[in-house]
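See below for the structure under consideration.
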Amino acid sequence: MKTIKSAKFLNSAVNFDDYKGFDLPEIVLVGRSNVGKSSIINMVTNNSRLAKVSSVQGKTKLVNFFLVNKEFVLVDLPGYGYAKTSKVEQQRWSSMINSYFAKAKNLKSACLLVDSRHKPTEQDIQMFEYFIYNNIPVTIVATKYDKLKKTERIHKLNEIATSFNVGIQNIYATSSVDNFGKEALVDRIYQFVGEN
Ligand code: GDP
């Protein structure tokens, strides 16, 4: 089992024209606004304040980079799919994401976050297919697992697995409230970070 001993904010970016990366493996996190991405970053890094947790949806508009264990870079992509997002904002999001992916030569893997209570959205599926198409190994993380009744948990995870056309063992259930699933997710991330 891997432990995260250190994590710090590196920088934020909107423009990747001059992006050179950090010469370390990168792991990207992406999902719908409010899915619990900041909470997952804080959970994984054992730092309750590293990424801001906000109840205001659609606030994070930058790509944030965090150095973890001095071994890899966690890349926090802005959330998508906020109901009030305008066409212009959606386009801005897409072009920012595309320009990051075009430059991310050290990208090893992605975590796609979905809310365990809901069926994945069209955009979640598109994002998943984008990773598959580009040969980027992707891990599906089902967040807010504590919000599900015990009796509905397996059913909901099965529903998510079916939507992505994968087996249920590929869904990583997490709760940032009680740290459920933390070790499994950290170990999973390290499968892609490798030994350097
Ligand atoms: P982001 O917009 O994807 O970064 O989402 P945040 O991490 O800011 O979380 C959005 C909201 O969901 C906040 O009110 C969090 O407190 C809440 N939240 C996030 N993760 C969990 C979780 O695992 N369980 C519960 N019950 N609430 C969560």
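The values are calculated or read from the model by the stated rules, or taken from the named source; none is laboratory data. Everything quoted here is computed from the prediction, not taken from an experiment. Note that we place each Cβ from the backbone using ideal geometry, even for glycine, and neighbour counts take in every protein chain shown. Just so you know, the surface numbers come from the protein's heavy atoms only, side chains and all, with ligands and any DNA or RNA stripped out. Shrake-Rupley method; radii C 1.70, N 1.55, O 1.52, S 1.80 Å.
Structural remarks
- Condition met for Lys70 (under 19 Å from Phe192 (Cβ atoms), among the charged types (D, E, K, R), in contact with a Ser or Thr (Cβ under 7 Å, 6 or more places away or on another chain) and surrounded by fewer than 14 Cβ atoms within 10 Å (Cβ to Cβ)): yes
- Residue match in segment 101-113 (condition: over 23 Å from Ala142 (Cβ atoms), surrounded by 17 or more Cβ atoms within 10 Å (Cβ to Cβ) and not aromatic (Phe, Trp, Tyr)): yes
- When segment 146-156 is filtered for residues that are open to solvent by less than 50 Å² (accessible area, probe 1.4 Å) and of a type in the set (D, E, K, R), only Lys156 remains.
- In segment 78-100, of all residues being of a type in the set (A, V, I, L, M) and surrounded by fewer than 17 Cβ atoms within 10 Å (Cβ to Cβ), the one that is modelled with the highest pLDDT corresponds to Val88.
- Residue under evaluation Asp23, criteria (1) on the phi > 0 side of the Ramachandran plot; (2) within 13 Å of the ligand (Cβ to nearest atom), criterion not met: (2)
- Only a single item in (1) outside any helix (DSSP H, G or I); (2) away from the ligand (no atom under 15 Å from the Cβ); (3) farther than 23 Å from Pro78 by Cβ is not met by Ser109, and it is number (3).
- Any hit, segment 57-73, residues being among the charged types (D, E, K, R), within 19 Å of Ile189 (Cβ to Cβ) and out of contact with any helix residue (DSSP H, G or I) (no Cβ under 9 Å at 6 or more places or on another chain): yes
- Any chance Ile132 is over 14 Å from the mean Cα position of the chain (by Cα), more than 18 Å from Ile27 (Cα to Cα) and more than 15 Å from the ligand (Cβ to nearest atom): no
- Applying the criterion of at least 1 residues that are modelled with pLDDT under 90 and over 21 Å from Tyr130 (Cα atoms) to the strands (runs of 3 or more DSSP E) found wholly in segment 1-77 leaves 7-13.
- Residue within segment 86-108 that is in contact (Cβ under 8 Å) with a residue 24 or more places away in the chain, in contact with a helix residue (DSSP H, G or I) (Cβ under 6 Å, 6 or more places away or on another chain) and not polar (S, T, N, Q) present: yes
- When residues of segment 157-196 are limited to those that are away from the ligand (no atom under 16 Å from the Cβ) and not in a helix (DSSP H, G or I), the one surrounded by the fewest Cβ atoms within 10 Å (Cβ to Cβ): Glu195
- In segment 135-154, the residues that are touching a residue at least 24 places away in the same chain (Cβ under 8 Å), within 16 Å of the ligand (Cβ to nearest atom) and part of a loop (DSSP other than H, G, I, E, B): Lys144, Leu148
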